[in-house]
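A quick write-up on the structure given underneath.
Derivation of every value follows stated rules applied to the coordinates shown; laboratory data play no part. Since this is a predicted model, take the numbers as computed values, not measurements. Quick reminder, even Gly has a Cβ in these numbers, built from the backbone with ideal geometry, and neighbours come from all protein chains shown.
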């Protein structure tokens, strides 16, 4: 059962605004509204008891408004059926907003997954308002978005709704921005609502209003919404620029001497438009339900989802921008049909002058002949006869990219895209660099066909050596057709010492620096960058893809791997080199052969990787007791202690034994 407007406004005051006051100040006594940019609409909302003050005599106009509050205000303004809770939303059912939010969800005003008691993005609020009040146009003026620097943040789902509200003046930006991803405040929300609707309930004098009456006579208005609760619509001598039929169920529709510049049909029930004295244009919204157009009109806009629409009248233009609709043109003189949306079916039962196919997965069938078939996408089927066919839009477009083959170190990347053989209109475009998509922007081919992308790399010593840029241009109908081009290039880099403040050859020295404790070795070492810079500056080579540097100063074994001609550090481990009386000799050597272990009457060590041919010098584990593999004889490591070999932890020597091939250069320094 529907709630009366008086009851719902009372609930709105208590629940939506979450107030717990017993007395309210006059609007003039509120401390934060005088001089506020939205003062006019804040006072209207106060007088209509949509927003009221808090107990501290504030109205808090700049507080973010939550999703549940937005949906509750909209559903109650339109007097929707709020008698059930949607099982898809995961609500307990006892939330104060459960029924209202459910009604809004069933109407398609928001998508699942959004937090009910958190602020909505501005663009999502715009979408909800446009859908609820049937304001979204099939072909809005998208060029209006180009005035805003953050237009690329608007999702493809919300783009038509935002452009429609801009075109009709219901929303405006500030300082060249729409801030689509920021929350919306209480003041901003009621301002949009009052730009749209003068009063929630018609009292006979407003130009824009929501009517709960089934009958209306001798009324004139700019915009009239027949609320969801209306069912027997009897309109006598009613005139309006826009009549919106939002009724949940219509049992009767009668008009006499009424004229409407535009009729918007949002009812989910079956509806037939006929016998009105004058209707200029028709738009179909919502989802489900059949709509019959049996009256001559200038145009029919289909922005609905999953509806069955039959046209039996003369119509100059039919624009289908919604999705999943079936539109039947059974009779009448029909001029142009435009398929903008996706997954729509057009059944032509009479001759049509032209059909433009822009939406993906469009299906055209029937026995009526199409004069000219204009094709803007490759994803369509047409079995209906046509006299001629023209390929347009991006279908035959070519995209070419111009970029340097090699980008010198430190320079800005500049890439130019050129588009040819495409219809001179507005598209969506975007760049992708090294797999990262950049913000979308508006590409107006009527103003120019070349576009430039600039990118400044952050240069680092181990940065990537190649880059790739892609340019994509997409039909604004929503991925109707997309053309791309890709270019690759080499990225040069500065010498490694560009990133080092000092002389690396003076920084890296030999000779032990510590205090003969493991703790000192754990706390002291060259940086990884210094290690990489040093071995590359020295110009060492190796017969294998690996190179080993044993640092006497910090008791480290550093393993490097050749990556595109540069030695990159892959492993570093603490070792113990020869003590002063038997020091490990400084020099450049090569690994020779490997042994599973050394087993002597005095100690055991394993495994063993030899270097310095013709000698006994080797990498090996610490010393274990003779015949033991678990009991250490000498656990010392991290400082010079050996007889000249290089002692390592078990896991580190096993790494060398398993990975380092013979012939690998070993630098001891």
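Summarising the label geometry, the points placed 7 Å from Cα in the beta-carbon direction at residue 26 and residue 333 lie 6.4 nm from one another.
Per residue, the convex hull around the alpha carbon atoms of the chain comes to 252 Å³. In the chain, helical runs assigned H by DSSP with n ≥ 4 each contribute -39500 (n - 2.57); averaged across all residues and rounded to the nearest 500, the mean residue ellipticity at 222 nm is -4500 deg cm²/dmol. Using a ≥ b ≥ c from the Cα gyration tensor of region 5-196 (square roots of the eigenvalues), is it rounded, prolate or oblate, where a/c under 1.5 gives rounded and otherwise the larger of a/b and b/c decides, a/b for prolate? Taking the square roots of the gyration eigenvalues as a ≥ b ≥ c, region 5-196 is oblate. Estimated at 0.36 nm per residue, the fully extended path between residue 400 and residue 543 surpasses their Cα-Cα distance by 47.1 nm. Restricting the calculation to Cα atoms, region 497-668 shows an Rg/Rh of 0.96 when the hydrodynamic-style radius is the Kirkwood one.
Inter-label distance, residue 257 to residue 49: 3.6 nm, where each label sits 7 Å from its Cα along the C-beta direction. Using only the C-alpha atoms, the convex hull of region 208-391 corresponds to 88 Å³ per residue.
Beta-bridge orientation, the chain: approximately 40 percent antiparallel, per DSSP, counting only bridges with both partners inside. Helix 67-77 and the long axis of the chain differ in direction by around 10°, with both axes built from C-alpha atoms.
In this calculation the C-beta distance from residue 498 to residue 391 is compared with R0 = 51 Å, giving a FRET efficiency of 0.45.
In plain terms, the chain from residue 599 to residue 433 could stretch by 53.9 nm, reckoned as 0.36 nm per residue minus the Cα-Cα distance.
In terms of the mean number of neighbouring beta-carbon atoms within 10 Å, the peptides 484-497, 128-141 order highest first as 128-141, 484-497. Per residue, the convex hull spanned by the Cα atoms of region 398-491 amounts to 89 cubic angstrom. Roughly what % antiparallel, to the nearest 5, for the DSSP beta bridges in region 208-391? Here the antiparallel bridges make up roughly 0 percent for region 208-391. P(r) for region 255-316, from all Cα pairs and a bin width of 10 Å, is 24, 58, 18, 0 %, short bins first. For region 453-529, the mean projected area of the C-alpha convex hull, equal to one quarter of the hull surface, is 9.8 nm².
Report, in degrees rounded to the nearest 10, the 0 to 90 angle that the Cα long axis of helix 650-659 makes with the longest principal axis of the chain. Orientation of helix 650-659: about 80 degrees from the principal axis.
Between the helical axis of 528-538 and the longest alpha-carbon principal axis of the chain there is an angle of about 60 degrees. For the peptides 327-335, 591-599, the ranking by mean Cβ contacts within 10 Å, running from highest to lowest, is 327-335, 591-599. When Rg and the Kirkwood radius Rh are both evaluated on Cα atoms of region 103-215, their ratio Rg/Rh stands at 0.98. Shown here are the Rg and Dmax of the Cα trace of region 177-227, at 14.2, 44 Å. Length gained on full extension, residue 39 to residue 83, computed as 0.36 nm times the residue gap minus the Cα-Cα distance: 12.4 nm.
Per-peptide packing, taken as the mean over residues of other Cβ atoms within 10 Å, places 191-200, 71-80, 415-424 in the sequence 71-80, 191-200, 415-424 from highest down.
For residue 529 and residue 412, the FRET efficiency from 1/(1 + (r/R0)^6), where r spans their Cβ atoms and R0 equals 22 Å, is about 0.30.
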